[in-house]
Amino acid sequence: MKLPFKRDRGNVVALDIGSRLIKVVELGHGTSGPALLRYSVSHVSPDAVVEGEIMDRDLLVEAIEEAFEKIGIEKNNVISAISSRSVIVKRLLMDQMPEDEIRAVIEMEASSHIPFELEDVSLDFQVLDEMAADDKMEVLLVAAKREVIYEHTTLLRDLGLKTSVIDVDSFAIQNLYESLGTDQPLSTLVNVGAEVTNVNIVRDGMPLFTRDFSIGCGLYLEALQRDLQISYEGALELISTNDLEQTQDNEAGKECIGKLAEEIAVGLERSLAYLRSSGEVEDLSSVFLSGGGANLPNLKTNLEERLRIPVQIVDPISVLEVEDELMDELQNDGVASLLTVAVGLGMREVSR
C-alpha cells in the first residue's frame, strides 16, 4: 500500500491479536494530528485461538507474520494488548497517603479484591481522585495474570518483535473513544468481536465498570456460512462491506443478531443493576458500538429498541488523517471498524 506520510522515528506500530483476525496499524504524525500510514488484516485459523487460549501456536504465528508481510512493516517495536478477560480491574477507596506508599498497601490488601493468588498476578494502579472523600482517595487497581503476560510476550519475542507497551484491549478502546472528543459524562463502550464482547462503562474519562461477555459476531458469521455455503472469510467480507442484498434477509442471521443484541442488553442491564446497588449511577445514557460486529445488519437498531437509549457506531478512522488512496482501500475492504483496538493502542503513543 502507498505510504501517505513521511515515515520517521515517531511512528508507532500497534498489533491487535484476535481469535479470528490479526490487525496491524502503523500510525505517524500528519500535518495536524495522528495519521494512518498503513494497515493490515489477516485471518486466523479457527483452531488457533479458542476462547482466548492459544491452541495452535504455529497457526497464530503464521497469521501474524502474514499481517506484517502484507504491508512490509519491519518487525521491530510494537504496542500490543492482552484480553481484558485476563485482567481484573477494581476501583478502591483508600486512606490518603503518598503515592510511594500506595503499592505496599495495595499488595497487602489485594488478596481481598482479586480471585487469584498474588504470586500469580502482576499488579499496577493509578490514583483517580486524591480527594474522593474525607481523608480518602480513589485508586484504580489492575491485576493481570502473569501466565498470560508471559505467553503474550514470549509469542512476540519468538516473532522477532520487541514489546514497548502491553496494554489491555478495553483500555485501548477507551483511549480511542476519548480521542473522539465527546463530552458525555457517562458512556458505555461496547466492542463486539468474533467470540467476546467487551463492555466498558466510563464516567468522566475513568473506567467505572468493565466486563467481557462470551458472545460475539461469530455466531452470525457461522449462520451465513451455512446458509450461503461460503467460507468464513467470505461471510466476514459480506458484513464488512455491508452487502445487505445477501445479509439483510438471511433468517438464520437475523436470529443470531437478535440473540446477540439480547445478550448484550441483558449484560448491560445486570451491570447497571450492580452499579445502582452501589450508588454509582442511576441510568445509562448512551452506547458507543465498535468492533467487527458493529457492522452487523440491524444490531444497532436492535440494541436501541431493547435498551431505549441512543446507540452510536464508532469509526476509529475518523480520528486520523488518511491519504485519499488509503481511504479508498479502507472503504473497499470494509475493515475500518475492525481496527478499533489497534488504533486505540497506537493513539496512546502517537498522541504524546
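Table: residues versus (1) more than 20 Å from ASP212 (Cβ to Cβ); (2) part of a helix (DSSP H, G or I).
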position	(1), (2)
LEU93	yes, no
GLU107	yes, yes
GLU147	no, yes
GLU151	no, yes
GLY160	yes, no
SER170	no, yes
ILE173	no, yes
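Where the second residue is among the aromatic types (Phe, Trp, Tyr) and buried (at least 23 other Cβ atoms within 10 Å of the Cβ) and the first is in contact (Cβ under 8 Å) with a residue 24 or more places away in the chain and lies in region 64-87, which pairs have Cβ atoms under 9 Å and are six or more apart or on separate chains?
ILE71/TYR39
Are any residues in region 254-273 over 19 Å from ARG308 (Cα atoms) and open to solvent by 60 Å² or more (accessible area, probe 1.4 Å), and if so, which ones?
LYS254, GLU255
When GLN312 is evaluated against the numbered criteria (1) in a helix (DSSP H, G or I); (2) modelled with pLDDT of 90 or more, which criterion, by number, is the only one it fails?
Here GLN312 meets the rest and fails (1).
Considering only residues that are open to solvent by 30 Å² or more (accessible area, probe 1.4 Å) and among the small types (Gly, Ala, Ser), look in region 203-234 and name the one that is farthest from GLN174 (Cα to Cα).
SER231
Checking GLY193 against (1) in contact with a strand residue (DSSP E or B) (Cβ under 9 Å, 6 or more places away or on another chain); (2) over 23 Å from LEU260 (Cα atoms); (3) at pLDDT below 90, which test does it fail?
That leaves (2) as the condition not met.
Suppose the filter is open to solvent by less than 10 Å² (accessible area, probe 1.4 Å), touching a strand residue (DSSP E or B) at 6+ places or on another chain (Cβ under 7 Å) and modelled with pLDDT of 85 or more; does LEU176 pass it?
no
Name, by its number, the condition in (1) in a helix (DSSP H, G or I); (2) open to solvent by 60 Å² or more (accessible area, probe 1.4 Å) that does not hold for LYS75.
Single failed check for LYS75: (1).
If the requirement is being open to solvent by 40 Å² or more (accessible area, probe 1.4 Å) and not basic (Lys, Arg), which of these qualifies: GLU117, GLU138?
Being open to solvent by 40 Å² or more (accessible area, probe 1.4 Å) and not basic (Lys, Arg) holds for just one of GLU117, GLU138, which is GLU117.
Scan (1) more than 30 Å from GLY292 (Cβ to Cβ); (2) surrounded by fewer than 15 Cβ atoms within 10 Å (Cβ to Cβ) for the single condition GLY33 breaks and write down its number.
Of everything listed in (1) more than 30 Å from GLY292 (Cβ to Cβ); (2) surrounded by fewer than 15 Cβ atoms within 10 Å (Cβ to Cβ), GLY33 misses just condition (1).
Name the single residue, out of those in region 43-63 being in contact (Cβ under 8 Å) with a residue 12 or more places away in the chain and in a loop (DSSP other than H, G, I, E, B), that is most open to solvent (accessible area, probe 1.4 Å).
It comes out as GLU51.
I'd like the full set of residues that are open to solvent by less than 30 Å² (accessible area, probe 1.4 Å) and either more than 21 Å from the chain's Cα centre (by Cα) or over 22 Å from VAL192 (Cα atoms) (or both), limited to region 323-332.
LEU326
The values are calculated or read from the model by the stated rules, or taken from the named source; none is laboratory data. What you see is a predicted model; the values in this text were computed from it and never measured. No Cβ is skipped: glycine too gets one built from the backbone with ideal geometry, and neighbour counts run over all protein chains shown. Quick note on the areas: whole protein, heavy atoms, side chains included, nothing else; ligands and nucleic acids left out. Shrake-Rupley method; radii C 1.70, N 1.55, O 1.52, S 1.80 Å.
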